[in-house]
Amino acid sequence: MNTGDNGFLKEKLRECGYKFTGQRAAILDTLVQCSGQHVSTEELFNLVKAKHPEIGLATVYRTMILLDKLNLVHKLDFDDGFSRYELVKPNEDHRHHHLICNTCGCVSEVEEDLLDNLEEEILRKNGFLVKDHRVQFYGLCKKCRE
């Protein structure tokens, strides 16, 4: 997704009966610009407020709750006391995995779905069809190991 691609998000909001307000547009534009990052509501608020000082923190919180409810963002918990968000990619059938450094707190993504074989085994042995999963690996990043 690039900065001009909030059309998908706009359409999804309207399909679900929600208005695409100027404030929501500003928040979505900022989220699109932060694509690939894992931003907290407060970080997102500070980024939005730099260009749109009229937008309040409560508006950003309500918008993020709505976007999570509509499955337009993934709400992430990296055990650091903050909820973080990332945009859902339109053709994503599984969430990607995260690598979280215990020392510096940096978060990296692993795009490959490492659990395909495990999901097939679960289906074969248990008859359970896995539709989604969340995996986070904790350890030391390359920089902190050096």
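Points worth noting:
- Residues (in a helix (DSSP H, G or I) and hydroxyl-bearing (Ser, Thr, Tyr)) located in the range 30-58: 30, 41
- The residue pairs whose first member lies in the range 1-20 and is β-branched (Val, Ile, Thr), whose second member is modelled with pLDDT of 85 or more and not in a loop (DSSP other than H, G, I, E, B), and whose beta carbons are closer than 8 Å, counting only pairs six or more residues apart or on different chains, are 3/29; 3/32; 3/33.
Every residue, every condition in (1) surrounded by 14 or more Cβ atoms within 10 Å (Cβ to Cβ); (2) over 22 Å from residue 134 (Cβ atoms); (3) in the same structural domain as residue 117 (by TED's automatic domain parsing), yes or no:
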| residue | (1), (2), (3) |
| --- | --- |
| 17 | no, yes, no |
| 20 | yes, yes, no |
| 31 | yes, no, no |
| 42 | no, yes, no |
| 54 | no, yes, no |
| 60 | yes, yes, no |
| 68 | yes, no, no |
| 76 | yes, no, no |
| 79 | no, no, no |
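- Some residue of the range 59-69 being among the charged types (D, E, K, R), free of Cβ contacts under 8 Å to residues at least 24 places away in the same chain and not in a helix (DSSP H, G or I): no
- One residue stands out among those in the range 88-106 that are touching a strand residue (DSSP E or B) at 6+ places or on another chain (Cβ under 6 Å) and at pLDDT 85 or above: the one that is farthest from residue 60 (Cα to Cα), which is 102.
- Test: residue in the range 93-104 that is among the acidic types (Asp, Glu) and surrounded by 14 or more Cβ atoms within 10 Å (Cβ to Cβ): no
- Taking the criterion of being modelled with pLDDT of 90 or more and in a loop (DSSP other than H, G, I, E, B), the residues of the range 116-135 that qualify are 127, 128, 129.
The values are calculated or read from the model by the stated rules, or taken from the named source; none is laboratory data. Not measured: the values here are computed from a predicted model. Here Cβ is always computed from backbone atoms with ideal geometry, including for glycine, and neighbour counts include all displayed protein chains.
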